[in-house]
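Here the structure comes first, spelled out in structure tokens, and everything after it is commentary.
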Amino acid sequence: MLFVEERKMKIFQYVQEHSRASVQELSQFFDVSESTVRRDLKELEEEKLLRRTHGGAIALQNVNFEPTFDEKEDKFQDEKKAIARKALEFIEEGDTILLDAGTTTFQLVKELRVFSKLTVVTNSLVFAQELQDVSGIDVVMVGGNLRKETCALVGPLAEAGLSMLRVDKTFIATNGIEVEDGLTTPNLTEAATKRKMIEIAKQVILLADHSKAGKSTFAKFADIHDVDKCIIDTGVPESFVEKLRETGIDVHVVCP
């Protein structure tokens, strides 16, 4: 029998793969009551992962769809804050770190004021603005083309700038994480920039809330083995956590 969160994730994946599904169809496929399916669909809709219809649900987004930074920032804030606090434990005074543009990594940015000596490389305009008045933190901006959806600078210029750097740790964000498919994002250009961020780091630390687990989007930017540490929240099913650990990743599960 599937745990509640695991079942909800499987229902979400089923609707994504089939574009739509009826309550009766889901009830039979997952061997649960129709009332259970309706409750799961209601919660998935509240998380903006699908849209309920009369008698079922339809996929809200395709693999190319990406919400804006502002739209994502309001979701799962407690989880993202807990992940950021854990990530803080892996940063030392004097480190040079790279922070990928993302709403979970943004929560980490807000925690960095505790350091008196730190170099932060980022491709995020929002991150640079957040840190501009923090003494002791040197900010290095990566140039490139501005993606308005994520407020990130990406593309060939960003990759060329990154190729000249080496960092102690890269804290990477993702739109999807699967053991088989690796890490994915909806945009090809952003994927290429993320790939370069991983290449220049001694250590890669993935920050991902539970909504990213078991999900694949359009463009792959890393294999699961490219990640050294992964910080996720307790909303991720234990079976998925175990799969990650079996790959050799150092997985940290935090409670919001």
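The values are calculated or read from the model by the stated rules, or taken from the named source; none is laboratory data. Owing to the predicted nature of the structure, the values given are computational and were not obtained by experimental measurement. A quick note on method: Cβ atoms are made from the backbone with ideal geometry, for glycine too, and the neighbour counts reach across all protein chains shown.
Among the listed residues Lys196, Lys169, Lys229, which satisfies the condition of being of a type in the set (D, E, K, R), under 14 Å from Ala101 (Cβ atoms) and modelled with pLDDT of 95 or more? First the steps, then the outcome.
Values: Lys169 fails: under 14 Å from Ala101 (Cβ atoms); Lys229 fails: under 14 Å from Ala101 (Cβ atoms).
Unique residue meeting the criteria: Lys196.
How many of the residues making up region 15-58 are surrounded by fewer than 18 Cβ atoms within 10 Å (Cβ to Cβ), touching a strand residue (DSSP E or B) at 6+ places or on another chain (Cβ under 6 Å) and at pLDDT below 90?
Of the residues in region 15-58, 6 are surrounded by fewer than 18 Cβ atoms within 10 Å (Cβ to Cβ), touching a strand residue (DSSP E or B) at 6+ places or on another chain (Cβ under 6 Å) and at pLDDT below 90.
What residue, of Ala208, Ala222, is at pLDDT 95 or above and closer than 21 Å to Pro237 by Cα? Spell out how you get there, then give the answer.
Details: Ala222 fails: closer than 21 Å to Pro237 by Cα.
On inspection, the qualifying residue turns out to be Ala208.
Looking at region 140-163, is at least one residue among the hydroxyl-bearing types (Ser, Thr, Tyr), touching a Lys or Arg at 6+ places or on another chain (Cβ under 8 Å), surrounded by 15 or more Cβ atoms within 10 Å (Cβ to Cβ) and under 21 Å from Ala222 (Cβ atoms)? It would help to see each step written out before you state the result.
So in region 140-163, the residues among the hydroxyl-bearing types (Ser, Thr, Tyr) come out as 150, 163.
Right, trim to touching a Lys or Arg at 6+ places or on another chain (Cβ under 8 Å) and you get 163.
Filter once more, so that each one left must be surrounded by 15 or more Cβ atoms within 10 Å (Cβ to Cβ): none.
So far as region 140-163 goes, no, none of its residues is among the hydroxyl-bearing types (Ser, Thr, Tyr), touching a Lys or Arg at 6+ places or on another chain (Cβ under 8 Å), surrounded by 15 or more Cβ atoms within 10 Å (Cβ to Cβ) and under 21 Å from Ala222 (Cβ atoms).
Hey, among Lys220, Lys194, Lys215, which residue is in a loop (DSSP other than H, G, I, E, B) and basic (Lys, Arg)?
Details: Lys220 fails: in a loop (DSSP other than H, G, I, E, B); Lys194 fails: in a loop (DSSP other than H, G, I, E, B).
Testing whether each residue is in a loop (DSSP other than H, G, I, E, B) and basic (Lys, Arg) leaves just Lys215.
Would you point out which residue out of Lys110, Lys72, Lys86, Lys81 is within 27 Å of Val236 (Cα to Cα) and modelled with pLDDT under 95? Walk me through it before giving the result.
Working: Lys110 fails: modelled with pLDDT under 95; Lys86 fails: modelled with pLDDT under 95; Lys81 fails: modelled with pLDDT under 95.
So the residue among Lys110, Lys72, Lys86, Lys81 that is within 27 Å of Val236 (Cα to Cα) and modelled with pLDDT under 95 is Lys72.
Of the residues in region 157-191, how many are under 15 Å from the mean Cα position of the chain (by Cα) and either hydrophobic (A, V, I, L, M, F, W, C) or assigned to a loop (DSSP other than H, G, I, E, B) (or both)?
Pass one, region 157-191, residues under 15 Å from the mean Cα position of the chain (by Cα): 170-179, 181-187, 190-191.
Those still in the list that are either hydrophobic (A, V, I, L, M, F, W, C) or assigned to a loop (DSSP other than H, G, I, E, B) (or both) too: 171-175, 177, 179, 181, 183, 186-187, 191.
Here the count works out to 12.
May I ask you to list the residues in region 110-156 that are more than 15 Å from the chain's Cα centre (by Cα) and among the β-branched types (Val, Ile, Thr)?
Val114, Thr119, Val120, Val121, Thr122, Val126, Val134, Ile137, Val139, Val140, Val142, Val154
Residue by residue, here is whether (1) closer than 14 Å to Val121 by Cβ; (2) of a type in the set (Asp, Glu); (3) touching a residue at least 40 places away in the same chain (Cβ under 8 Å) holds:
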{"position": "Gly144", "(1), (2), (3)": "yes, no, yes"}
{"position": "Arg147", "(1), (2), (3)": "no, no, yes"}
{"position": "Gly182", "(1), (2), (3)": "no, no, yes"}
{"position": "Glu190", "(1), (2), (3)": "no, yes, yes"}
{"position": "Lys196", "(1), (2), (3)": "yes, no, no"}
{"position": "Asp209", "(1), (2), (3)": "no, yes, yes"}
{"position": "Ala222", "(1), (2), (3)": "no, no, yes"}
{"position": "Pro237", "(1), (2), (3)": "no, no, yes"}
{"position": "Pro256", "(1), (2), (3)": "no, no, yes"}
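Looking at (1) over 22 Å from Arg166 (Cβ atoms); (2) crowded, with 17+ Cβ neighbours inside 10 Å, find the lone condition where Glu111 falls short.
Of the numbered conditions (1) over 22 Å from Arg166 (Cβ atoms); (2) crowded, with 17+ Cβ neighbours inside 10 Å, the odd one out for Glu111 is (2).
So if I check each of Glu190, Glu199, Glu180, Glu242, which one is surrounded by fewer than 22 Cβ atoms within 10 Å (Cβ to Cβ), closer than 24 Å to Leu146 by Cα and acidic (Asp, Glu)?
Glu199
Would you pick out the residues in region 223-249 that are of a type in the set (Ser, Thr, Tyr) and in a loop (DSSP other than H, G, I, E, B)? Break it down into steps so the answer makes sense when it comes.
Residues of region 223-249 of a type in the set (Ser, Thr, Tyr): 234, 239, 247.
Thr234, Thr247, listed by residue number.
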